[in-house]
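Please read the structure below before turning to the comments.
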Amino acid sequence: MTPSQVLASYGPAAGLAPVVTPFAGGEKDRPLAERLAAHPLIMAPMAGVSDGAYRLMARAGGADLAYSEMVSVAGLHYGERSWELVDPVDGEPDVAVQLFGSRPELFREGAERVVARLGARLALIDVNMACPVPKVTRKGEGSALMEDPGLAAAIVRACREGAPGVDVTVKIRRGRHMGREVAPEFARAMEDAGAAAVAVHGRFATQMYRGEADWGVLDRVADAVGIPVIASGDVTDHAAALRALDQTGATAVMVARGTYGNPWVFSGHEATASERVAAFACHVRLLEATGAHLKRARSLAGWYFKGMPDAARWRNAAMSCVEADEFLAVADEVRAHVC
Ligand SMILES: Cc1cc2nc3c(=O)[nH]c(=O)nc-3n(C[C@H](O)[C@H](O)[C@H](O)COP(=O)(O)O)c2cc1C
């Protein structure tokens, strides 16, 4: 089965809707600002998580747009494998591709190749300036770019040169080091370089994921720029997403960890236990249909079955599964006991 056939067959029992592009019928050419204002709920980039199957589940759960995980521009330059992370899957209307690196010339080339490969299914190119992981920042990539606005601006310009007519956005944090907030002036510099929107995760990079995200920075950035601000951080459920849109200067909002086992976070649908089990089964079939590693379903089981009676038992059962049929057998067992 193709991914869209999987969704058509298994989505309804899981309370998932058919994936439609909200940008059809000429809307595709809308400026990004209008598009984000009209369709503000976004699946955030997550390395090791947001593959095609995950993005498709998010879209079926109501996400207006979904990001690829961060993809190295050096990886795109030197190898073929990274394209797996970038290519939209069948049934996915479009995808926001996030790139990371530190060399403008590789961004120019990467952007050019992403456009050639994705064409109209490329929603935007985002540059990761937020990743706090030392393996990345040591090379001057990710959040390290927030300490070098000149280089960061050159990267935005390089992407625009490589992908004329495509919106180039950036994803940043409050700043790199705890207590040194540079997001407002940094975002303005990115706007001057041609960025079409800025996503802001309200933590400093050195905080990693500790502490609370500060939504106040969304207003400070929104006051500093004319481009749309996309909120990220601690948007744990649908109500929080609506609050972020209502109470801050953000035009759109991203959900990352709040999507774990909850693709309905975007629509606000309160899934029943039976729908959650059906969603897990649908997700497993999507992994299969997209050729992804089935091992990914192990963490998915923990997320979809969380809070159910005997959740630890189902999670443990999934830990020893390898093939799709084995995961689906666990789903059957959960259904028999819980639903
Ligand atoms: C497992 C994981 C992987 C992530 N990978 C990326 C990534 O590839 N690119 C990126 O910009 N942010 C990445 N993030 C950060 C998220 O996009 C988001 O900004 C952050 O988790 C805060 O949002 P949340 O509170 O909704 O999780 C990742 C987060 C997690 C938990």
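The values are calculated or read from the model by the stated rules, or taken from the named source; none is laboratory data. Quick caveat, the model's predicted, so the values are computed rather than measured. A quick note on method: Cβ atoms are made from the backbone with ideal geometry, for glycine too, and the neighbour counts reach across all protein chains shown. Ligands, DNA and RNA are stripped out before the accessible areas are found, and what is left, the full protein with its side chains, is counted by its heavy atoms. Shrake-Rupley method; radii C 1.70, N 1.55, O 1.52, S 1.80 Å.
Things to note:
- Subset of the stretch 214-237 that is part of a helix (DSSP H, G or I) and open to solvent by 50 Å² or more (accessible area, probe 1.4 Å) - its residue that is nearest to Leu41 (Cα to Cα): Asp219
- Flag for Val255 being touching a strand residue (DSSP E or B) at 6+ places or on another chain (Cβ under 9 Å), crowded, with 17+ Cβ neighbours inside 10 Å and of a type outside the set (Lys, Arg): yes
- Residue in the stretch 102-110 that is closer than 21 Å to Ala193 by Cβ, at pLDDT 95 or above and under 12 Å from the mean Cα position of the chain (by Cα) present: no
- Residue in the stretch 18-27 that is touching a residue at least 12 places away in the same chain (Cβ under 8 Å), surrounded by fewer than 21 Cβ atoms within 10 Å (Cβ to Cβ) and among the aromatic types (Phe, Trp, Tyr) present: yes
- Check on Ala224, within 14 Å of the ligand (Cβ to nearest atom) and assigned by TED's automatic domain parsing to the domain that holds His39: no
- Selection within the stretch 184-202 - under 19 Å from Glu34 (Cα atoms) and either within 16 Å of the ligand (Cβ to nearest atom) or assigned to a loop (DSSP other than H, G, I, E, B) (or both): Gly194, Ala195, Ala196, Ala197, Val198, Ala199, Val200
- Output for the stretch 41-51, where each listed residue is open to solvent by 10 Å² or more (accessible area, probe 1.4 Å) and either near the ligand (Cβ under 9 Å from one of its atoms) or of a type outside the set (D, E, K, R) (or both): Leu41, Pro45, Met46, Ala47, Gly48, Val49
- Of all the criteria given as (1) surrounded by fewer than 17 Cβ atoms within 10 Å (Cβ to Cβ); (2) closer than 30 Å to Pro149 by Cα, the one not satisfied by Ala13 is (2).
- Close Cβ contacts (under 9 Å, 6 or more residues apart or on different chains) running from residues in the stretch 224-245 that are at pLDDT below 95 to residues that are surrounded by fewer than 20 Cβ atoms within 10 Å (Cβ to Cβ) are absent.
- Residues of the stretch 182-210 that turn out to be open to solvent by 20 Å² or more (accessible area, probe 1.4 Å) and β-branched (Val, Ile, Thr), as a count: 2
- Top-ranked residue of the stretch 203-221 - restricted to ones that are among the basic types (Lys, Arg) and within 16 Å of the ligand (Cβ to nearest atom), ranked as nearest to the chain's Cα centre (by Cα): Arg203
- Number of positions in the stretch 22-49 that are under 15 Å from Asp64 (Cα atoms) and modelled with pLDDT under 65: 5
- Scope the stretch 244-264; condition under 19 Å from Lys171 (Cβ atoms) and within 16 Å of the ligand (Cβ to nearest atom); matching residues: Ala244, Leu245, Thr248, Ala250, Ala252, Val253, Met254, Val255, Ala256, Arg257, Gly258, Thr259
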